[in-house]
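Asker: Before we start, here is the structure in question, set down as C-alpha cells.
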Amino acid sequence: ILYWNKGAEKISGYLKSECVGRSCADDILRHADSCGNEYCKAGCPMQMTLKDGKPREIEAFMMHKDGYRLPCTVSIKPLYDSIGVIRGATESFYIK
C-alpha cells in the first residue's frame, strides 16, 4: 500500500500510518465474499489484475479495524508505464 487517504481511514478505521508500506495480503481489510471466503486466499483480485491487466470490480465485505464487516465495492485497475508494461495497480473501495 503506497497511499491511504482520509476517506479510507474513516471507512476502515485504519490510519494511514498503519497501512502505508504494508501489503494488502497482511490481513488488514480481509476482503471476503458473502459466505466469508477471503479473496486473498482464494485468488487475489489484485494479483490477477497485475498478471493479466484486466480491471476488476467485486462486491465484497471488508473487515473494519474494530472487527465488524462492511459491505463494499472494490475496484482494481492496472497502472501501465509509457511503453505499456504493467507497473502496479490501484484499488479503491466504497461502502454501499
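The values are calculated or read from the model by the stated rules, or taken from the named source; none is laboratory data. Being a predicted model, the structure only gives us computed values, none of them experimental. Cβ sites come from the backbone with ideal geometry, for glycine too, and all protein chains shown count toward neighbours.
Asker: Output the residue which, of all residues in the range 51-86 that are in a loop (DSSP other than H, G, I, E, B) and either touching a residue at least 40 places away in the same chain (Cβ under 8 Å) or of a type in the set (S, T, N, Q) (or both), is farthest from residue 33 (Cα to Cα). I'd like the intermediate steps shown before the answer.
Answerer: From the range 51-86, those in a loop (DSSP other than H, G, I, E, B) are 53-55, 64-68, 81-85; that's our starting set.
Add one more test, that the residue is either touching a residue at least 40 places away in the same chain (Cβ under 8 Å) or of a type in the set (S, T, N, Q) (or both), and what stays is 64-66, 82.
Details: 64: 15, 65: 18, 66: 19, 82: 35 Å.
Filtering first and then ranking leaves 82.
Asker: Further question: Could you count how many residues in the range 22-40 are assigned to a helix (DSSP H, G or I) and either at pLDDT below 85 or aliphatic (A, V, I, L, M) (or both)?
Answerer: Matching residues across the range 22-40 total 1.
Asker: If you check residue 49 against the conditions, is it under 12 Å from the mean Cα position of the chain (by Cα) and surrounded by fewer than 16 Cβ atoms within 10 Å (Cβ to Cβ)?
Answerer: So residue 49 fails the test.
Asker: Suppose we keep only residues that are of a type outside the set (Lys, Arg) and free of Cβ contacts under 8 Å to residues at least 12 places away in the same chain within the range 37-46. Which one would you say is surrounded by the most Cβ atoms within 10 Å (Cβ to Cβ)?
Answerer: Step one: of the range 37-46, the residues of a type outside the set (Lys, Arg) are 37-40, 42-46.
Applying the additional criterion that residues be free of Cβ contacts under 8 Å to residues at least 12 places away in the same chain yields 37-38, 42-43.
Details: 37: 11, 38: 16, 42: 10, 43: 9.
Among those that are of a type outside the set (Lys, Arg) and free of Cβ contacts under 8 Å to residues at least 12 places away in the same chain, it is 38.
Asker: Looking for something among the polar types (S, T, N, Q), at negative phi and in contact with a helix residue (DSSP H, G or I) (Cβ under 9 Å, 6 or more places away or on another chain) - is there at least one such residue anywhere in the range 72-94?
Answerer: Quick first cut of the range 72-94, residues among the polar types (S, T, N, Q) only: 73, 75, 82, 90, 92.
Going one step further and asking which of them are at negative phi, we end up with 73, 75, 82, 90, 92.
From what is left, the residues that are in contact with a helix residue (DSSP H, G or I) (Cβ under 9 Å, 6 or more places away or on another chain) are 92.
Scanning the range 72-94 turns up at least one residue that is among the polar types (S, T, N, Q), at negative phi and in contact with a helix residue (DSSP H, G or I) (Cβ under 9 Å, 6 or more places away or on another chain).
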